[in-house]
Amino acid sequence: MTIEKFEELAAKAIKGLPGEFRGRLDNVVVIVKPAPDKAQERRFGRGLLGLYEGIPLTDRGQAYSGAMPDKITLFKNNIESLCRDEEEVEQRVRRTMIHEIAHHFGISDEELIKLKFPPVVQVISTEKSSIIFQIHIRRSAYTTIFSSKLYARCCS
């Protein structure tokens, strides 16, 4: 697959996000690289599919301004190596984008592991005190309620 086609899949993944997420992406860019560099491999392992680098929305205070954009990097060769066809590549790109965007929203790897990281996220209700996300994993559904504090810090 060409890098241009891969970039199109990344853009499609972002466009496919619910508006509540897409509209809250702030000061973040997405790039595609063939593979992690040596330092990234040493730190995160050779099989790294994506990487979020930046200041999560939950850590940004009133003094946050003039910062370089956060960066989400997708590693094309690593993603393709796990897939048999273009459809699987598209699914893996979407899943990796959602994972990295979760970091942009302040969700840690540990929290994603507890949630058994979902392939699909859908906003089912917005309330003053919280946002409820219904997360579908195969036939099971998990619901995570983010507190009003998190909502106020990153989503209002």
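Below are the figures for this structure:
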quantity	calculated
Cα-centre dipole for the stretch 7-74 with unit charges at Cβ (Lys and Arg positive, Asp and Glu negative), debye to 20	160 debye
Nearby aspartates and glutamates by direct alpha-carbon distance to Lys71 (threshold 19 angstrom, same-chain neighbours under 8 apart not counted)	Glu4, Glu7, Glu8, Asp26, Asp37, Glu41, Glu53, Asp59, Glu100, Asp109
Exposure proxy order (Cβ contacts within 10 Å, fewest to most) of His104, His99	His99, His104
Hull shadow area, averaged, the stretch 1-43 [alpha-carbon convex hull, nm²]	4.2 nm²
Once the Cα gyration tensor of the stretch 1-98 is diagonalised, semi-axes √(5λ) in Å	25, 18, 10
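Every number here is computed from the coordinates shown, using simple stated rules; none is lab data. In this text, all values refer to a predicted model and were calculated from it rather than measured experimentally. Note that each Cβ is placed from the backbone with ideal geometry, even for glycine, and that neighbours are counted across all protein chains shown.
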